Amino acid sequence: SYSTRIGLKKTIGTSISPMTARAIIVSTLASLALVLPTSLSFSMSSADVSSPSQPKTVIIAGAGVIGTSTAYYLAKNFNVKSILVDVTGQIAPAASGKAGGFLALDWNDHTPPLGRLARRSFALHEELAKGFGYEKIMYRRLTCASISVDPTKSLKKPGGKKLAGVDWAQDDSSDDPVLGMQSLGDEETIAQVHPRMLCDSLFEDAKKTADCELVKGEVDFPLYDDDDQDKLVGVKLKDGSEVRGDAVLYACGPWSGPWTKGVMLGVKYHSVHIPTPRVLDQAVFFSGCGDPEVYPRPDKTAYCCGFPDGAIKVSERPGEEEVRQEKVDEIVHAVRSASGKAGVLSADPCLTQSCYLPSTPDGLPMMGKVSDQKGCYVAAGHSCWGILLGPGTGETMANVIATGKSTEYVDIRWFDPNRFD
């Protein structure tokens with residue numbers, strides 16, 4: 001969950017062993033009172049949701065990473081057409097187009113069902129990059145570190161050299177706030193992707209394969225056959241128009257509330273893109289200076305974020321999230337302090353933005369059938385791991401919708417959206 005990742009980042013800024021770090025993560029989860037179905041065990045096989053006939057057209061409410069991934073795998077694996085319905089009429093208008101794209105293989109292993117989904121999805125990201133082209137979606141492997149910083153206690157390195165293994169410290173140690181570092185992963189376990197480029201590529205491929213469409217609108221409620229109320233025939237949009245299909249997936253992130261028993265909340269994040277003098281190859285969770293997070297990209301920019309708001313029921317519209325200048329200033333000040341006044345993050349931002357990360361009460365996503373709406377499914381609530389888990393979730397939901405069963409990689413019962421009934 002978001003809280004777990006922040007807890008990990010804050011604590012590993014000191015020099016501790018990986019096993020200690022893992023114990024800290026488990027402790028953080030316990031403090032969150034993580035609620036898992038008590039009747040299940042970690043050794044279950046894939047769930048048999050039902051055995052529906054394969055739909056011909058699936059309506060997907062939401063065109064972010066979950067929606068586009070599901071459309072891609074419905075087309076690729078089952079030749080099923082999807083119609084994406086988004087209130088903005090755009091692909092990835094909200095968090096999926098504004099995220100950092102940080103991918104970690106094993107950071108969710110402490111929660112086995114989520115860890116399996118994460119590992120499968122991490123592998124799918126590599127597979128997608130090979131198919132689309134690494135540069136097309138700005139995918140690459142890189143390292144990750146927790147770096148402890150304090151501008152008031154900067155260390156003088158021998159010979160004016162920066163701390164070994166820290167890509168961010170300045171070559172001139174006269175203004176270097178770095179105190180120490182702890183590796184959080186290397187090229188075997190850490191990667192990144194450009195989320196908007198990924199979503200665009202997923203949609204374009206689904207369009208080529210199965211004539212996937214994008215419609216501007218907002219889903220209001222499902223429609224059923226007059227003679228058979230168990231047979232879904234489409235959805236009614238809030239403008240009164242109808243879209244025809246025989247299955248519906250709600251994948252609207254923090255705006256999925258009406259189909260998630262009202263438990264879905266959003267955590268607002270601000271982020272800035274800062275030009276860098278060179279391509280950096282190390283994602284950083286700074287410890288100190290407000291604990292900002294920095295994800296460098298191969299286009300000589302760095303995605304910087306931090307200082308999230310509290311979880312709320314989201315009232316702002318997708319793609320219309322207000323950018324508060326005080327939050328932007330807070331992030332810019334933090335990363336400049338952490339990297340040194342004349343460091344690699346000293347340039348003015350070239351982009352400022354904000355978005356909401358969807359969160360659930362127990363920190364697990366909601367994936368599966370909606371109990372009180374025939375032919376309807378939901379996939380939302382992936383928090384800060386939405387981009388990482390997107391392809392794995394899309395593959396799983398495509399399988400569930402087309403065959404009634406999950407994949408061999410994911411036991412979907414852990415993510416039952418009806419667990420909050």
**Item:** Count of the stretch 244-266 residues which are of a type in the set (V, I, T) and buried (at least 21 other Cβ atoms within 10 Å of the Cβ)
**Value:** 2
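If you check V233 against the conditions, is it more than 28 Å from C350 (Cα to Cα), free of Cβ contacts under 8 Å to residues at least 40 places away in the same chain and among the β-branched types (V, I, T)? If you could, list the steps in order and put the result at the bottom.
Numbers: more than 28 Å from C350 (Cα to Cα): yes; free of Cβ contacts under 8 Å to residues at least 40 places away in the same chain: yes; among the β-branched types (V, I, T): yes.
So V233 fits the description; yes.
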**Prompt:** Can you find a residue in the stretch 360-382 that is touching a Ser or Thr at 6+ places or on another chain (Cβ under 6 Å), on the phi > 0 side of the Ramachandran plot and at pLDDT 95 or above?
**Reply:** yes
**Message:** Being in contact (Cβ under 8 Å) with a residue 40 or more places away in the chain and over 30 Å from I60 (Cβ atoms) is true for just one of S346, S339, S371, S354. Which residue is that?
**Reply:** S339
**Fill in**
A careful count of residues in the stretch 39-62 that are open to solvent by 20 Å² or more (accessible area, probe 1.4 Å) and either modelled with pLDDT of 95 or more or assigned to a helix (DSSP H, G or I) (or both) gives 2
**Message:** Can you pull out every residue in the stretch 286-318 that is of a type in the set (D, E) and open to solvent by 20 Å² or more (accessible area, probe 1.4 Å)?
**Reply:** D291, D299, D309, E316
**Asked** Would it be correct to say that V65 is among the hydrophobic types (A, V, I, L, M, F, W, C), over 16 Å from L388 (Cβ atoms) and buried (at least 21 other Cβ atoms within 10 Å of the Cβ)?
**Response** no
**Prompt:** Taking the stretch 268-306 as the region of interest, how many residues are within 18 Å of the chain's Cα centre (by Cα) and among the hydrophobic types (A, V, I, L, M, F, W, C)?
**Reply:** 8
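Find the residue count for the stretch 136-148, including only residues that are open to solvent by 10 Å² or more (accessible area, probe 1.4 Å) and either within 20 Å of T209 (Cα to Cα) or touching a residue at least 60 places away in the same chain (Cβ under 8 Å) (or both).
5
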**Prompt:** Within the stretch 209-230, restricting attention to residues that are part of a loop (DSSP other than H, G, I, E, B) and in contact (Cβ under 8 Å) with a residue 60 or more places away in the chain, which residue is farthest from the chain's Cα centre (by Cα)?
**Reply:** D211
**Message:** I'd like to verify a number: residues in the stretch 316-335 that are in contact with a strand residue (DSSP E or B) (Cβ under 9 Å, 6 or more places away or on another chain) and among the charged types (D, E, K, R), how many?
**Reply:** 6
**Prompt:** Are there any strands (runs of 3 or more DSSP E) wholly within the stretch 66-158 with 1 or more residues that are at pLDDT 95 or above and under 17 Å from the mean Cα position of the chain (by Cα), and if so which?
**Reply:** 102-104
**Prompt:** How many of the residues making up the stretch 252-311 are touching a Ser or Thr at 6+ places or on another chain (Cβ under 6 Å), in a loop (DSSP other than H, G, I, E, B) and among the polar types (S, T, N, Q)?
**Reply:** 0
**Request:** Output the number of residues of the stretch 319-378 satisfying the condition of being part of a strand (DSSP E or B) and either open to solvent by less than 10 Å² (accessible area, probe 1.4 Å) or closer than 29 Å to D109 by Cβ (or both).
**Result:** 13
**Prompt:** Tally time: how many residues in the stretch 215-235 are closer than 9 Å to D246 by Cα and out of contact with any Leu (no Cβ under 8 Å at 6 or more places or on another chain)?
**Reply:** 1
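The values are calculated or read from the model by the stated rules, or taken from the named source; none is laboratory data. This structure is a prediction, so every number in the text was calculated from the model and none was measured. Every residue, glycine as well, gets a Cβ built from its backbone with ideal geometry; the counts of neighbours run over all protein chains shown. Just so you know, the surface numbers come from the protein's heavy atoms only, side chains and all, with ligands and any DNA or RNA stripped out. Shrake-Rupley method; radii C 1.70, N 1.55, O 1.52, S 1.80 Å.
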